[in-house]
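Data block below; observations after.
The values are calculated or read from the model by the stated rules, or taken from the named source; none is laboratory data. All figures in this text were calculated on a predicted structure; none of them were measured in a lab. Note that we place each Cβ from the backbone using ideal geometry, even for glycine, and neighbour counts take in every protein chain shown. Areas reflect the complete protein model, heavy atoms only, side chains present, ligands, DNA and RNA absent. Shrake-Rupley method; radii C 1.70, N 1.55, O 1.52, S 1.80 Å.
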Amino acid sequence: MATSEQINQLRDLGAATVYEAQGAKGALDHGIKPIDPSVKLAGPAYTVDCRPADNLMLHYAVQKARPGDVLVVDAKAFMEAGPWGDVLTIQAMKIGIAGLVINGCVRDASLIIELGFPVFCRGLSIKGTGKNQPGKVGVPVLIGDVVINPGDIIVGDRDGIVVVPQAEVGSAIATSLAREAKEEQQRKAIQEGTSTIDLLNLADTLKRFGLV
């Protein structure tokens, strides 16, 4: 299980760096974005599989999740209802839940942003939901082409969301730190006059296409 120090490291490294460093895998599709671009998120996934336009399982999941968990909800990408809003946000914050990633919409966005609760979603919908349909928690969920298992580490910022499998947290951090160090060297080299073509050894490729 990832330690709090490892989770903080992943949050600071950022979603794009972690995604590239772990082999360009684990990124949720571009439609999942934060309602507040300034937020950062990292924590273990508490997964929820629920029916479109019904938030019964969200009320249940908030009570079952632990402090520091990230609710990862598959609401089937349904865009004509907002199953999460200000009331659930306040409840989640009281419990200590770290944030929400939902394959669907939310509402009450202004208040959620004011409260500072990280929410990543497909969009906003003012339409309400029912509270009648059962679902599942603590099961693998599929968002786009990415499977999220309970306990996988979710890393999110304004670039998007990346999922780090539990067993790969240590290696993801190590390769991310190495990538960050390499990019710092590249930035320094550019400031000193080196071109990206030289840094990335692109001259032969450009020559092959007659671009030199």
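Within the stretch 109-158, restricting attention to residues that are of a type in the set (Gly, Ala, Ser) and not in a loop (DSSP other than H, G, I, E, B), which residue is surrounded by the most Cβ atoms within 10 Å (Cβ to Cβ)?
Across the stretch 109-158, the extreme among qualifying residues is GLY156.
From VAL39, VAL72, which residue is within 11 Å of GLY156 (Cβ to Cβ), in contact with a Ser or Thr (Cβ under 7 Å, 6 or more places away or on another chain) and open to solvent by less than 70 Å² (accessible area, probe 1.4 Å)?
Residue meeting the stated conditions: VAL72.
State which residue pairs qualify: first residue at positive phi and inside the stretch 126-154, second residue assigned to a strand (DSSP E or B) in any location, beta carbons under 6 Å apart, and separation of 6 or more residues or different chains.
What qualifies is GLY151/PRO44.
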